[in-house]
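Asker: This is the structure, below, for whatever I ask next.
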Amino acid sequence: MAASASIRALLDKAIDYAGMFPPCALQLESALRNQASYVRSPEAWMLNGFVLPVEQFDAARQFLSEFDPQHPLRVAALGPKTTKADAFLDGLGKAEMAIRSLSISNVDLVSVSHLEMFLPDDVDPASLKEVRAIVGKLPVFWEAPPEKAEQTIALIAGHNSDDGTPTFGYKLRTGGVTADAVPTSAQIACALVTAATHQLPIKFTAGLHHPIRKFRDEVKTKMHGFLNVLGAAVLAAEQQWNADQAVTMLEDEDPRSFAFTDDYFAWREWKIDAERLQYRRKFVKSFGSCSFDEPRDDLRALKLL
């Protein structure tokens, strides 16, 4: 079955392949070989970046022959995790140097789509100005814990409005390998609605392997679905939802609530047409998944691919 225009709009470049991370935890070579096959697959349109820690950039160079100019390696660079602003700025400088070096030396085989990095508590607006001087125009997504989503989004949005080039976004952790790593629907809804209010780019990581929310034995809790999360993000922005309305969608476990046609995407009585969906996706970017197979298999089972 051919994918409808609306499912293509919702999932275009939506998956950052994170095969080196739990629970898959593959070695670099195996994960890159997977990526090389995925970029040549019929569903390559769903792929965004290959999540690669900057400290692994040098090791990755030896596997670039797996790629070619028609099927390049698109990297989602992952910076080091630090807890203090001074170490953070130091780590960021090293990450930027590694990104520049990788991009310059293999320009037709590899590109860096964006940087992701954890934002320490003591980073303030002045620090973000220093950051901008370091990273230039590279899009960056700053991660902070779900309980700090509102204040972090406000901090980043304040910087973007002052700076004139709004390439900083927020990265929300939506799960993990244990039940306590899964944020509540209310925490996710708050982040989605706050980001939409500020027109701030948002991306997600962890726990979104499956399209629809359901209980999973492997984590002994309900895992969020990527159609719920991406769908709620675009509809919250388009329909100016409050957080309660977003929670209702995030907690819907019935695939029949979701409709995809060539003209529109709908959840229950709420609709967004395919063109507006493409526009909203400028702010709802992608999600990291250690599997590219599970999302595709589940979408096929739902007859959406």
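The values are calculated or read from the model by the stated rules, or taken from the named source; none is laboratory data. Since we're looking at a predicted model, the values are computed, not measured. In this analysis, Cβ positions are derived from the backbone assuming ideal geometry, glycine residues included, and neighbour counts consider all displayed protein chains. Just so you know, the surface numbers come from the protein's heavy atoms only, side chains and all, with ligands and any DNA or RNA stripped out. Shrake-Rupley method; radii C 1.70, N 1.55, O 1.52, S 1.80 Å.
Asker: Hey, can you tell me all the residues within the stretch 97-117 that are open to solvent by less than 40 Å² (accessible area, probe 1.4 Å) and within 22 Å of the chain's Cα centre (by Cα)? Reasoning before the result, please.
Answerer: Restricting attention to the stretch 97-117, the residues satisfying the condition of being open to solvent by less than 40 Å² (accessible area, probe 1.4 Å) are 98-99, 102-103, 106, 109-110, 112-117.
Scanning the stretch 97-117 gives Ala98, Ile99, Leu102, Ser103, Val110, Val112, Ser113, His114, Leu115, Glu116, Met117.
Asker: Considering only residues of the stretch 246-257 that are out of contact with any helix residue (DSSP H, G or I) (no Cβ under 6 Å at 6 or more places or on another chain) and either in contact (Cβ under 8 Å) with a residue 24 or more places away in the chain or not in a helix (DSSP H, G or I) (or both), which is nearest to Ala3 (Cα to Cα)?
Answerer: Pro255
Asker: With (1) crowded, with 20+ Cβ neighbours inside 10 Å; (2) within 26 Å of Gly225 (Cα to Cα); (3) touching a helix residue (DSSP H, G or I) at 6+ places or on another chain (Cβ under 6 Å) as the list, and Val54 as the residue in question, which single condition is left unmet?
Answerer: (2)
Asker: Being more than 21 Å from Lys81 (Cβ to Cβ), among the hydroxyl-bearing types (Ser, Thr, Tyr) and under 21 Å from the mean Cα position of the chain (by Cα) is true for just one of Ser41, Ser65. Which residue is that?
Answerer: Ser41
Asker: While we're here: Conditions: (1) under 20 Å from the mean Cα position of the chain (by Cα); (2) at positive phi. Lys220 meets all but one. Number of the miss?
Answerer: Only one criterion in (1) under 20 Å from the mean Cα position of the chain (by Cα); (2) at positive phi is unmet by Lys220, namely (1).
Asker: For the stretch 131-180, how many residues meet the condition of being in a loop (DSSP other than H, G, I, E, B), open to solvent by less than 40 Å² (accessible area, probe 1.4 Å) and within 17 Å of Leu89 (Cα to Cα)?
Answerer: The number of residues fulfilling the criteria is 3.
Asker: Given (1) open to solvent by less than 10 Å² (accessible area, probe 1.4 Å); (2) in contact with a Ser or Thr (Cβ under 7 Å, 6 or more places away or on another chain), identify the lone condition not met by Ala236.
Answerer: (2)
Asker: Let me ask another. Name the strands (runs of 3 or more DSSP E) wholly inside the stretch 1-113 in which the number of residues that are touching a residue at least 40 places away in the same chain (Cβ under 8 Å) and not aromatic (Phe, Trp, Tyr) is 3 or more.
Answerer: 47-53
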